[in-house]
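Structure incoming, see below.
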Amino acid sequence: MAGTFARLETNLRRAACVLLVEIIGGLLLFFLLPLFGVERDWIVLFIWTINLPAAWFLARAAKQQGRNPWLHGLTSIPPLLALLNLLAMSAGSRSYGNKA
């Protein structure tokens, strides 16, 4: 998996790292917050807040690929769509996979 991240463009790699931290942090909060007596509603705020830098990096990556950065940035605000945009843009990335 680390090899896959290493082959991505800089902004896509940053977005992938942010999304990975978002997923791991969300899971940790899901299991740890009830132990401290805190409601799980705060997880949604954490995930959407952490997702904003990922949307920014995905918009910058879209601009580098010649795509519409506003479209990709705004559609990456919801976390699930950010993950789908990351997968779509990494498949179309020039530095991903075989270099021909």
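Which of (1) farther than 28 Å from Ala91 by Cα; (2) surrounded by 13 or more Cβ atoms within 10 Å (Cβ to Cβ); (3) out of contact with any Lys or Arg (no Cβ under 8 Å at 6 or more places or on another chain) is the odd one out, the single condition Leu58 does not satisfy?
Just one mismatch for Leu58, condition (1).
Something else now. Given the structure, is Pro34 under 13 Å from the mean Cα position of the chain (by Cα) and either at pLDDT below 95 or open to solvent by 80 Å² or more (accessible area, probe 1.4 Å) (or both)?
On the way: under 13 Å from the mean Cα position of the chain (by Cα): no; either at pLDDT below 95 or open to solvent by 80 Å² or more (accessible area, probe 1.4 Å) (or both): yes.
It is false that Pro34 is under 13 Å from the mean Cα position of the chain (by Cα) and either at pLDDT below 95 or open to solvent by 80 Å² or more (accessible area, probe 1.4 Å) (or both).
While we're here: Can you find a residue in region 39-49 that is within 11 Å of the chain's Cα centre (by Cα), open to solvent by less than 60 Å² (accessible area, probe 1.4 Å) and either farther than 23 Å from Leu8 by Cα or not basic (Lys, Arg) (or both)?
yes
Does at least one position in region 41-55 carry a residue that is among the hydroxyl-bearing types (Ser, Thr, Tyr), within 17 Å of Pro78 (Cβ to Cβ) and either in a helix (DSSP H, G or I) or at pLDDT below 90 (or both)?
Residues of region 41-55 that are among the hydroxyl-bearing types (Ser, Thr, Tyr), as a first pass: 49.
Filter once more, keeping what is within 17 Å of Pro78 (Cβ to Cβ): 49.
Subset that is either in a helix (DSSP H, G or I) or at pLDDT below 90 (or both): 49.
Yes, the conditions are met somewhere in region 41-55.
Sticking with this structure for a sec: Report, by residue number, each residue of region 4-50 that is closer than 22 Å to Ala88 by Cα and touching a Gly at 6+ places or on another chain (Cβ under 8 Å). It would help to see each step written out before you state the result.
Applying the first criterion (closer than 22 Å to Ala88 by Cα) to region 4-50 yields 4-24, 47-48, 50.
Within region 4-50, Arg7, Ile47, Ile50 qualify.
The values are calculated or read from the model by the stated rules, or taken from the named source; none is laboratory data. Note that the structure is a prediction, hence the values are computed from the model and not measured. Quick reminder, even Gly has a Cβ in these numbers, built from the backbone with ideal geometry, and neighbours come from all protein chains shown. Only protein heavy atoms, including side chains, enter the accessible area calculation; ligands, DNA and RNA are left aside. Shrake-Rupley method; radii C 1.70, N 1.55, O 1.52, S 1.80 Å.
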